[in-house]
Each structure stands twice: as C-alpha cells, then as structure tokens.
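Worksheet: the structure to be examined is printed underneath.
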Amino acid sequence: MSPGANAAKAGRNLPAAVASGVALAAIVIFSLATWKWIFGIVAIIALVIAVHEFVMVLKTRNIYVARTPVYLAAVVIPAVAYLWGFEAQLVATGFFVLVVMMWRIRRGTEGFFADISASVLLIAYLPFMAAFLMLTLAAENGSWRVVVFILLTVANDIGGYAFGVFFGKHPMAPHISPKKSWEGFAGSIILQSIVGILAFIFIFDAPWWQGLVAGLILTVTATGGDFVESAIKRDLGVKDMGSIVPGHGGMMDRLDSLVPNAFASWAVFTVFLGSGIAVSAMGM
C-alpha cells in the first residue's frame with residue numbers, strides 16, 4: 001500500500017498532523033521543564049478554544065450555550081482544582097451549573113431545556129473532566145505524572161493509527177467511526193501497555209504490572225473518548241469541530257482522547273502512587 005493510500009485510509013493529512021504534533025509537544029515540554037503552572041495555563045487556553053469550537057458548532061444547530069459562564073467555567077474550574085484541590089473543583093462546577101441555568105433564563109423559555117442541557121454538558125465534559133489533569137499536575141511529582149499521561153495517550157494514538165492503517169480490516173463501530181478497527185485497538189493496547197510498563201518502572205520506580213494496568217485502562221478510556229466525540233460530530237453533522245490544528249481539525253479533535261484520560265490517569269496514579277499533593281501547587 002502506498003503512503004498516499006495509507007494517509008487516505010487514516011483520514012488525515014499525515015505531514016501536517018506530524019508537524020502539529022511536534023509543535024504541541026514542544027510547547028508542552030517547555031512548559032513542564034520550566035514552571036509547571038505554565039503548563040496549566042497552556043492547558044486552560046486549549047480548553048477555552050475547545051469550548052469555543054463546541055459553542056460555534058452548536059449554534060449552527062440552533063442550540064445557544066450560556067457562553068459567558070461556560071467560558072468562565074473553562075478557566076475557573078481547572079484553576080481552582082490546581083490551586084485548592086478536588087473539593088474546590090466540585091464547588092466551582094456546582095456553582096457554574098447553577099449560574100448557566102439562571103443566566104439562560106433571561107432569554108425566555110423557547111429552547112431553554114436544549115440550551116441549558118448543552119451548557120451543563122459542556123461544563124461536565126470539558127472543564128470538569130480536564131480539571132483532573134490539574135489535580136495530577138498539582139502533585140509533588142506532577143510534571144512527571146503529566147508526562148506519563150501524555151506518553152500513554154500518544155502511544156494510544158500512534159499504536160491505533162499504525163495498526164489501523166496497515167492491518168485494519170474489521171471496523172469496531174462503522175456507524176460511528178468507520179476508520180477505527182479492532183486491529184487498531186489491538187495496536188493501541190500493545191503500544192500503550194509497553195509505554196505504561198516502561199514509564200512505571202523507570203519514571204515512578206513502581207511495579208511493572210501497575211504500568212500494564214494503566215496502559216489497558218487508558219486504552220479503553222481514550223478509545224471511548226474518540227467514539228464519544230465522533231458520535232457528537234455525526235449528530236451535529238460536522239466532520240471536524242474546527243480547523244485550528246492542521247492535520248487534526250479543531251482543538252477538540254485533538255483533546256477527544258485526552259479529556260477522558262485526564263480523569264482515568266488521575267484515578268490510576270492516585271490508587272497506585274498516592275495523591276502526592278505538593279505543599280505548594282505553584283512550585284515545580
């Protein structure tokens with residue numbers, strides 16, 4: 001199979017996707033190698049962009065999100081999670097859920113349920129779930145935990161892409177995402193499990209089997225996240241959520257597997273490595 005055929009089968013512009021991935025990786029590495037709170041700012045900016053993409057797409061379907069409180073939630077919920085922990089994250093989420101309902105009622109009752117449902121879903125799906133990555137970042141070794149989180153998620157994408165392009169013949173859910181195959185899923189499991197084992201041994205000095213479990217769990221959540229976003233896009237009638245990331249589409253198209261893995265990795269790290277809460281979240 002020719003490279004062009006492989007790219008077509010994968011459904012993306014491979015050179016552009018690689019270039020975008022390298023650029024994003026450079027930003028992440030720089031932020032984590034300096035002061036880790038810089039990574040938090042980068043993550044919040046990406047989150048706000050993803051929320052904006054959702055807002056714009058929903059608007060084309062006559063669903064009007066309570067934009068001001070939702071945008072504020074995308075900034076505040078992750079920030080308070082990083083600074084003050086899970087309880088603050090919960091309080092902020094509950095606060096913004098109440099605010100969006102009261103904010104939207106100013107426009108009357110027509111479309112009220114659809115609008116607040118979309119607004120609450122956006123808060124739960126993006127700021128609340130992404131805030132778990134901020135809890136991970138706040139740990140004493142938070143920078144390394146974030147590095148492993150990224151390595152595992154990237155391994156999922158690379159393994160799934162490579163095995164899917166070269167061996168994919170059996171679609172997992174053709175009515176949702178026809179290019180995702182069981183062979184690609186197997187590739188994600190294999191590569192992510194290997195990366196998980198190596199990361200837990202050499203970075204965390206933890207048992208190898210914990211890395212294997214982490215790789216298996218995050219493969220499932222990352223793949224599930226891909227399917228969730230694909231189902232949302234099909235329902236809304238769009239191919240991509242945006243075009244800001246060449247070769248990937250919108251920012252949300254890049255975050256689809258990262259968002260559920262933010263929660264899954266935080267849970268796995270907490271169970272296996274402890275919460276590791278730093279004395280001061282603003283330090284490295």
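The values are calculated or read from the model by the stated rules, or taken from the named source; none is laboratory data. Fair warning: this is a prediction, and the values are worked out from it, not measured in the lab. Glycine also receives a Cβ, built like all others from the backbone with ideal geometry; neighbour counts cover every protein chain displayed.
Some observations on this one:
- Test result for Val65, among the aliphatic types (A, V, I, L, M) and part of a helix (DSSP H, G or I): no
- Subset of the range 17-55 that is among the small types (Gly, Ala, Ser), surrounded by fewer than 14 Cβ atoms within 10 Å (Cβ to Cβ) and over 16 Å from Ile158 (Cβ atoms) - its residue that is modelled with the lowest pLDDT: Ala23
- Flag for Ala130 being touching a residue at least 12 places away in the same chain (Cβ under 8 Å), surrounded by fewer than 19 Cβ atoms within 10 Å (Cβ to Cβ), closer than 30 Å to Trp84 by Cβ and not assigned by TED's automatic domain parsing to the domain that holds Val268: no
- Sub-7 Å Cβ pairs linking a first residue in the range 263-284 that is surrounded by 12 or more Cβ atoms within 10 Å (Cβ to Cβ) to a second residue that is among the charged types (D, E, K, R) and modelled with pLDDT of 55 or more, at least 6 apart or interchain, are Phe269/Arg145; Gly276/Glu140; Ala278/Glu140; Met284/Lys36, ordered by first then second residue.
- Of all residues in the range 150-161, those that are of a type in the set (A, V, I, L, M) have Cβ atoms under 7 Å from Cβ atoms of residues that are surrounded by fewer than 24 Cβ atoms within 10 Å (Cβ to Cβ), 6 or more apart or on another chain, in Ile150/Val28; Leu151/Val195; Leu151/Ala199; Leu152/Val195; Ala155/Leu191; Ala155/Val195; Ile158/Leu191.
- Being outside any loop (DSSP other than H, G, I, E, B), at negative phi, modelled with pLDDT under 95 and not assigned by TED's automatic domain parsing to the domain that holds Leu126 holds for only one residue in Pro260, Pro174, and it is Pro260.
- Among the conditions (1) modelled with pLDDT of 90 or more; (2) surrounded by 17 or more Cβ atoms within 10 Å (Cβ to Cβ), Gly168 misses just one, which is (1).
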